[in-house]
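Accompanying notes for the structure given below.
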Amino acid sequence: MNKIKNLYFKYEEIISYLIFGFLTTVVSVVTYYIFANFLFQEKTDITVQISNVLSWICAVIFAYITNRKYVFKSKSVGKDKLKEIFGFFIARVSSLVIDMAMMFVLFSVMHIDDTISKIIVQFVVVIVNYVFSKLFVFKKNTN
């Protein structure tokens, strides 16, 4: 049992990110499905992208709160917190560009079902977002 505990604490950040990355993916896919299937009458290239952006907004809000509190355990306040929020948003906009490009290719070019496309894209987005968050947003202060 101690081995498992030690492994958990050694890899706590990655394990937490995977758990909350999975939950963020659930938020993204579920809200995408709701927007794509109930907000619009039909699925077109543009309605799929609009639904994608709306689901992205929901997922980014959820991800920032959970990443800050549970994954990277950020304690920044004031100007540092604003800098962190801005950095998080910019990093997520970068991954949104990747998300939208992949959705375009999978749905519009390859004609893969939009929900299946969204799930496929999320695997790439989770990895990209971890790298951006780890390297640029929630950097450990060495002061």
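The values are calculated or read from the model by the stated rules, or taken from the named source; none is laboratory data. Since this is a predicted model, take the numbers as computed values, not measurements. Here Cβ is always computed from backbone atoms with ideal geometry, including for glycine, and neighbour counts include all displayed protein chains.
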Exercise for review: Of all residues in the stretch 104-143, count the ones that are within 19 Å of TYR33 (Cα to Cα) and over 15 Å from the mean Cα position of the chain (by Cα).
Suggested key: 12
Check your understanding: Looking at ASP99, is it buried (at least 20 other Cβ atoms within 10 Å of the Cβ) and either at pLDDT 90 or above or in contact with a His (Cβ under 9 Å, 6 or more places away or on another chain) (or both)?
Key -> yes
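Looking at the structure I just gave you, is VAL60 among the β-branched types (Val, Ile, Thr), crowded, with 19+ Cβ neighbours inside 10 Å, within 30 Å of PHE107 (Cα to Cα) and out of contact with any strand residue (DSSP E or B) (no Cβ under 6 Å at 6 or more places or on another chain)?
Working: among the β-branched types (Val, Ile, Thr): yes; crowded, with 19+ Cβ neighbours inside 10 Å: yes; within 30 Å of PHE107 (Cα to Cα): yes; out of contact with any strand residue (DSSP E or B) (no Cβ under 6 Å at 6 or more places or on another chain): yes.
Taking the combined requirement at face value, the residue satisfies it.
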Review point. Does at least one position in the stretch 5-23 carry a residue that is of a type in the set (Ser, Thr, Tyr), surrounded by fewer than 19 Cβ atoms within 10 Å (Cβ to Cβ), out of contact with any Phe, Trp or Tyr (no Cβ under 9 Å at 6 or more places or on another chain) and within 21 Å of PHE132 (Cα to Cα)?
Key: yes
Check your understanding: Using beta carbons and a limit of 6 Å, which pairs, at least six apart or on different chains, have the first residue in the stretch 101-125 and free of Cβ contacts under 8 Å to residues at least 60 places away in the same chain and of a type in the set (S, T, N, Q) and the second one surrounded by 14 or more Cβ atoms within 10 Å (Cβ to Cβ) and in a helix (DSSP H, G or I)?
Key -> SER117/MET103; SER117/LEU106; SER117/PHE107
Check your understanding: Regarding PHE40, is this residue without any contact (Cβ under 8 Å) to a residue 40 or more places away in the chain, surrounded by 14 or more Cβ atoms within 10 Å (Cβ to Cβ) and over 22 Å from VAL128 (Cα atoms)?
Key -> yes
Review point. Residue check: is GLY78 surrounded by fewer than 19 Cβ atoms within 10 Å (Cβ to Cβ) and at positive phi?
Key: yes
Exercise for review: Give the stretch 1-21 a look and list any residue that's under 13 Å from PHE72 (Cβ atoms) and charged (D, E, K, R), or say none.
Suggested key: GLU12, GLU13
